[in-house]
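Only one structure is covered here, and it is reproduced in the block below.
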Amino acid sequence: MVCNRCIKVVREELQNLGYKVDEISLGEATIHSDSKIDFELINKVLIENGFELIDSRHSRIIEKIKVTIIETIKDMSEGKIANVQFSDLLQENLHLSYQYLSGLFSSSEGITIEKYIILQKIEKVKELIVYDELSISEIAYRLGYSSVQHLSNQFKKITGLTPSHFKKIKDIKRNPLDKII
């Protein structure tokens, strides 16, 4: 789950199955049940909605990495936090070495954590450009780019367009955050 709509859908589906949702957040749900939990049925319903039940330790770690990155970039874009060192943040939040997390992520997802961060940042840049509330300079600053040129180079490398050209043609579809990989 990577957005508030995802949380809402999962909560509603679990409640429709008769489960009491104690707590739900990005990537995690805690349900209370007096009877046996039917994980197969839950997984079937989740798959129908484009989700999956994560049942391995490695999958849970990968999901936590993604959620941490997405939430951090969101907070950066909203000006809630300044530029962060993602390697330190991930180590701190997951209590595992960055080398381990990086290797696990790369082998599971087929891209590096750094590339995933770049892809997430570029999607956030697209969103902020479409909203047209911040200048490219303000966007670059909030998302921790060293300069507007650095942002522009990365944006063009990923999208094939400059941010200013993208701003002019705003009708290009953005990718949902959970479909980036």
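The values are calculated or read from the model by the stated rules, or taken from the named source; none is laboratory data. This one's a predicted model, so the numbers in the text were calculated from it and none came from an experiment. These accessible areas exclude ligands, DNA and RNA; they are computed on the full protein's heavy atoms, side chains included. Shrake-Rupley method; radii C 1.70, N 1.55, O 1.52, S 1.80 Å.
A few comments on the model shown:
- Entry for the chain at q = 0.08, 0.11, 0.13 Å⁻¹: log10 I(q)/I(0) = -0.30, -0.56, -0.76, Debye formula applied to identical alpha-carbon scatterers, no solvent contribution.
- Span-like helix ranges in the chain, DSSP H, alpha carbon extent 15 angstrom or more, Kyte mean at least -1.0: 4-16, 57-77, 98-109, 113-131, 148-159
- Gyration tensor (alpha-carbon) shape descriptor, the range 36-100, a/c threshold 1.5: oblate
- Normalised contact order of the range 1-136, rounded percent, pairs of Cα under 8 Å and 6 or more residues apart: 16
- Per residue, the range 61-140 exposes 46 Å² of solvent-accessible protein surface, assessed with a 1.4 angstrom probe and all protein chains in place.
- The Cα center of the range 96-118 and the Cα center of the range 1-37 differ in position by 28 Å.
- Alpha-carbon Rg/Rh ratio, for the range 1-65, with Rh computed the Kirkwood way: 0.93
- Only helical runs count toward this figure. For the chain, summing -39,500 (n - 2.57) over DSSP H runs of n ≥ 4 and dividing by all residues gives -19000 deg cm²/dmol at 222 nm.
- Taking the accessible area of the chain, probe 1.4 Å, and keeping the other protein chains in place, the carbon and sulfur fraction comes to 48%.
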